[in-house]
Amino acid sequence: MAMVRRIVVFPVLGRRWAFTAVLPTGCDGKSLPAGSLRNLLDTLRSTPQNSDRVELLTQYFSDKMYEKFTAWEATPEGSFRNRLHSIGQRMLSRLGPTETFLKAIPKDAGLVEIVYPYDSINSRLVRRRVRHLAISGEVVHRRYMYGSIALLPFAVVLGVLPLPNVVLAWNLFRAYSHWRALQGSRRLNFLVTESSSASDDAITGKQGEQSNTFKSDLSPDHKTQRNETTHWVLLPSKKLDTLIKLSNVPRDAITDGTVAEICKEYPLDPLEIMKWRDQKLAIKSFR
């Protein structure tokens with residue numbers, strides 16, 4: 001059965017929208033502890049595809065670097081590694097919300113469900129903006145991925161210094177992060193572009209495959225059968241529409257209280273929503 005990814009789209013300020021992926025059950029949005037090297041080798045032996053092996057290796061070393069980075073937080077206050085951890089946290093907090101969103105789209109996703117406010121925004125514009133985000137993300141993250149890879153030789157030279165090679169670790173992380181965002185943008189573009197001749201108003205989800213939350217939330221006018229040839233589903237939500245209107249969006253900015261209520265209704269990361277609202281470089285409009 002194809003993997004289903006659910007995303008939530010809604011305005012946060014004027015014509016600026018938030019695009020967030022629903023967190024999987026039991027996921028806190030952080031990397032999982034990396035397994036042992038023996039487990040990695042066993043997994044590599046049972047993986048026939050070379051591309052999958054490369055991805056496993058990259059994920060393994062990325063998780064190892066994340067473990068070491070988080071361990072620096074426990075070092076004595078004011079120490080060199082503790083300061084590096086604080087600087088790293090500030091740099092991570094400045095990463096764009098588009099990158100985080102695209103990284104959440106797995107390469108093997110077979111269906112994307114798009115939840116949006118029932119009455120606040122037009123369904124056709126929802127799909128158009130999602131596709132625009134995927135197309136622009138593919139261009140941007142390909143460019144930055146190549147840039148990060150090009151800087152790796154210079155970062156390796158710094159390894160002769162008797163200090164942690166933070167520059168190399170950061171470049172490796174950025175190259176891997178941009179690569180994941182690139183893969184997610186390509187997959188999302190494929191999912192929302194496929195069978196583009198289908199009418200947006202007719203794509204509303206398979207009956208019997210939606211959670212109880214969305215079954216009771218959909219408008220009766222939008223509960224028609226999904227075309228089996230499409231890879232995307234529009235799910236208009238009256239609850240989300242009500243929450244958005246409480247903050248008088250799009251005239252005013254969405255409030256922190258409304259963000260908290262939305263995250264209670266849908267398992268989302270509130271910090272990412274606030275990035276879409278507060279970041280000046282967030283994608284604002286597309287028509």
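Bear in mind these aren't lab numbers, they're just calculated from the coordinates by the rules spelled out. A quick note: this is a predicted structure, and the numbers were derived from the prediction, not measured. Neighbour counts run over all protein chains shown; Cβ positions are idealised from the backbone, glycine included.
Assorted remarks:
- Alpha-carbon Debye profile of the range 100-191, log10 I(q)/I(0) at 0.10 Å⁻¹: -0.37
- Projected label points at D252 and I149, each 7 Å from Cα along the beta carbon direction, are separated by 4.8 nanometres.
- Convex hull volume of the C-alpha atoms in the range 35-147, normalised per residue: 179 Å³.
- Across the cross-link table entries K107/K245; K245/K275; K239/K275; K107/K238, which are compared at the Cα atoms, the separations over 28 Å belong to K107/K245; K107/K238.
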